[in-house]
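These notes are about the structure you will find just below.
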Amino acid sequence: MAQEKVIDVKNLFASFDDEVVLSDVSFSALKGEVTVILGGSGSGKTTVLKHLLGLYPVKSGYVSVLNKDVTHLREVEQVELYLQMGVFFQNGALLNSLTVAENVALPLEQHTNLPKKLIREIVRMKLGLVNLEHAYYLYPSQLSGGMLKRAALARAIAMDPPLLFCDEPGAGLDPVSLQSLDSLILDLKNQLGMSVVMVTHEVLSILRVADRIVFLDKGVVAFEGTVKEALESDTQVVVDFFSVLKDHPR
Amino acid sequence: MFIRNRIVGTIKKSKLKTTYQNGGLVCELREDMLYVSGSLTIYESAYFSDVIGKTLKSAGQPDITFDLDQLDYIDSAGVMSLYFVKDMLAEGGISADFRGGGESILRKLEIFSPDKVYQTASPVKTGFFEKIGTDVLLFFTDYVFGFILLAANVFYWSVSDLFRPKSRREGEFVNQSIHIGVNATLIVVFLSFVIGYVMALQSSSQLRTFGANIFVVDLIVIAVTSQMGPLITAILVAGRSGSAIAAEIATMKVTTELDALKTMGLNPIRFVVVPKMYACLFTMPFLVILANVAGVLGGALAANIYLDITPEIFFNRAAEVMSNKNLLTSFVKSQVYASIIVLTGSFYGFRVVRGAEGVGKVTTISVVVAITLVILADSLLGLLFY
């Protein structure tokens, strides 16, 4: 039986001020897998992600997230869809005026009727999952880069979303922190069955967590397949990207 | 689909059992057994922790067992609500235990177990007097000393860079002068004119009563040139440019631009603050002169309309009243106010914490403090030049 698709993009086209950013982009992400969207600067990764997140309207093509066609979603439907997904922004995007715990509790307080005491316990548990229990009362400005990322991940998974989007989660992290973040993402996938769509450039991170790779180049999908297929691919941009492994074999 | 889950479920009762249903969750209570089936997710957790918890508490059983064999799916909130109800029952002297459950359920019960939750100690609350003491100490060490230190630094580099023209960025002084001075001209002139006019208007009825119409000229000329002109100008510049200085420096700090300057071997005070100080010190006297002229013109218009004092009489009298002391007062005040505005804006800009929110906060505080300091300085200078 074919695996269920959590993301399905067909013939997506996007342009800004007559400049074509995406032309005929089609790919899919499967349930329970980590799909990594790759590509050089200006290849359209962020634009694709913003279309998936409903931040850019789909002008041409078809985009489905969790089996919902996001092309013509009403605002209330979009909000319902947001509740099914967690978003882990590149810079964390935690609200600076709130403590780490308040940031994580925010979606729980806003979207559920859970008792406050239970919310506090859930927040502690989520922070525990990302090894950030001690940051409960701290403000984002008091956290280091790695801690900020983990706090952002805790907020993204606060509602136990079936689908998690990560925008460059490893950017600016040291290799040890990056490895620990990758382990967390793998745990979320393996233990909770979460599907993950990730935009990243970190080659080691891709090898650790990715099940599938979607490689964008100049606004089109240059390659789509498993990591193994990517490593064996003869598509030039993919070969160039992974050549770092040949140059510096481990 | 609901956005907020409601604590509404259905309850079916028979002699032997009671069934509770909410969303995908079905709970069946048979004496001391609670059979939990279906799914227990974040959306059913509120119902479970509230309705089921209270029901079990009032069921009158000393022991309750949760049978999880029929539970298909549970998420982290579901696990937490199970433990939440268990704790709730324990508080009422009822012992509760879990039984059964598939592999995936047991794994999640283990992963999300509250035993793994690290209990963080609440921050220590300081006493009232301790807080007052700390705040007073902080005010002197952090604010007063910090402000004096910044002022010393700024004046040192301002004077020192006067003799090192190469150290100044080309065009920066002109840019800042335009931004701080030239762009503020219209609003300063307009408001000064209106204030001069209103002052003459308000005093005209009183002066007319005593037949002292001509003294409106003395009042306007002295009040505007030595008091209102510099003060209005300073308040407007503080609101307009002081806030911009604080916001600019704060943003630079938040975006680590100041750190970048330091790592390039550039002194942020010298690079960012000193050009603003030069510009403000240079343009403020001109703004004050314009404010004085506009205020006097406004007074002259009101005097002409309400007291029939012709412009010729007004300006002849004004020339007699006006003294060098008034002009000197104006000039000295403009320099003091300019320094206060730039220093306050910079001081709060450098103190920013907590990102975007902090920028807004220091900007607001810097304007309030700058205006307060300007008014305090005005009082002191008023006594000095009395």
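The values are calculated or read from the model by the stated rules, or taken from the named source; none is laboratory data. No experiment lies behind these values; they were computed from the predicted model shown. Here the Cβ is made from the backbone with ideal geometry for all residues, glycine too, and neighbour counts use every protein chain on show. Ligands, DNA and RNA are excluded from the accessible area calculation, which covers all protein heavy atoms including side chains. Shrake-Rupley method; radii C 1.70, N 1.55, O 1.52, S 1.80 Å.
See the values below:
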{"read-out": "Cα centroid of the range A:20-40 to Cα centroid of the range A:89-163, whole Å", "value": "28"}
{"read-out": "43 Å tail of the calculated P(r), the protein assembly as shown, as % of Cα pairs", "value": "48"}
{"read-out": "Within the range A:38-59, backbone nitrogen closer than 17 Å to the virtual label 7 Å beyond the Cα of A:F13 toward Cβ", "value": "A:48, A:57-59"}
{"read-out": "222 nm mean residue ellipticity, helices alone, for the protein assembly as shown (DSSP H n ≥ 4; -39,500 (n - 2.57); rounded to 500)", "value": "-17000 deg cm²/dmol"}
{"read-out": "Under 5 Å, built H, 5+ apart or other chain: amide partners of A:S60", "value": "A:F13"}
{"read-out": "Contour minus Cα-Cα distance for B:D135 and B:S379 (0.36 nm per residue)", "value": "85.2 nm"}
{"read-out": "Cα shape, the range A:137-179, gyration tensor, a/c 1.5 rule", "value": "oblate"}
{"read-out": "Gained length - B:T310 relative to B:T364, 0.36 nm times residue gap less alpha-carbon distance", "value": "15.0 nm"}
{"read-out": "Net charge, A:L173 excluded, C-beta distance under 14 Å - Lys, Arg +1, Asp, Glu -1", "value": "-2"}
{"read-out": "Antiparallel %, DSSP beta bridges [both residues in the protein assembly as shown], to 5", "value": "55"}
{"read-out": "Angle in degrees between helix B:274-307 and the longest Cα principal axis of chain B, rounded to the nearest 10", "value": "70"}
{"read-out": "Around B:M252: net Lys/Arg minus Asp/Glu count, Cβ-Cβ under 12 Å", "value": "-1"}
{"read-out": "Inter-part distance where the range A:171-250 and the range B:95-116 are each reduced to a Cα centre, Å", "value": "34"}
{"read-out": "Global geometry of the range B:131-226, whether rounded, prolate or oblate, following the gyration tensor of its Cα atoms and the 1.5 cut on a/c", "value": "oblate"}
{"read-out": "q = 0.09, 0.13, 0.17, 0.20 Å⁻¹, the range B:17-165: log10 I(q)/I(0) [Debye, one scatterer per Cα]", "value": "-0.48, -0.65, -0.93, -1.17"}
{"read-out": "Nitroxide proxy distance, nm - points 7 Å out along Cα→Cβ at A:Q179 and B:Y386", "value": "7.5"}
{"read-out": "Kirkwood-based shape ratio for the range B:167-384, expressed as Rg/Rh from alpha carbons", "value": "1.09"}
{"read-out": "Efficiency of FRET between B:T372 and B:S205 - r from beta-carbon atoms, R0 25 angstrom, step 0.05", "value": "0.15"}
{"read-out": "B:F190/A:V220 FRET efficiency (R0 41 Å; Cβ-Cβ; nearest 0.05)", "value": "0.10"}
{"read-out": "Potential lengthening between B:T126 and B:V182 on full extension [0.36 nm per residue; Cα-Cα distance subtracted]", "value": "15.2 nm"}
{"read-out": "Chain A: Cα Rg divided by the 2.2 N^0.38 Å rule of thumb", "value": "1.02"}
{"read-out": "Among B:F210, B:F347, B:F84: highest mean-square fluctuation, GNM of chain B, C-alpha pairs under 10 Å", "value": "B:F84"}
{"read-out": "Which listed pairs, of A:K126/B:K57; A:K126/B:K361; A:K116/A:K149; A:K31/A:K59; A:K45/A:K218; A:K126/A:K149, have C-alpha distances above 21 Å, in listed order", "value": "A:K126/B:K57; A:K126/B:K361; A:K116/A:K149; A:K31/A:K59"}
{"read-out": "The range B:187-207-the range A:46-74 distance, computed between alpha-carbon centres (Å)", "value": "61"}
{"read-out": "Estimated D of the range A:32-87 in µm² per second, where Rh is the Kirkwood radius over Cα pairs and Stokes-Einstein applies at 37 °C, 0.692 mPa s", "value": "267"}
{"read-out": "B:S95-A:E75 pseudo-label distance in nm [points 7 Å out on the Cα-to-Cβ vector]", "value": "5.5"}
{"read-out": "Shielding by partners - mean other protein chain Cβ count within 10 Å, residues of A:41-52", "value": "0"}
{"read-out": "log10 of Debye I(q)/I(0), alpha-carbon scatterers only, for chain B at 0.06, 0.09 Å⁻¹", "value": "-0.52, -0.70"}
{"read-out": "Fraction of beta bridges assigned by DSSP in the range B:10-116 that are antiparallel (%, nearest 5)", "value": "60"}
{"read-out": "Förster-model FRET efficiency, 60 Å R0, B:V159 and B:V198, C-beta, rounded to 0.05", "value": "0.90"}
{"read-out": "Apportionment of accessible area to carbon and sulfur, the range B:10-116, percent (1.4 Å)", "value": "48"}
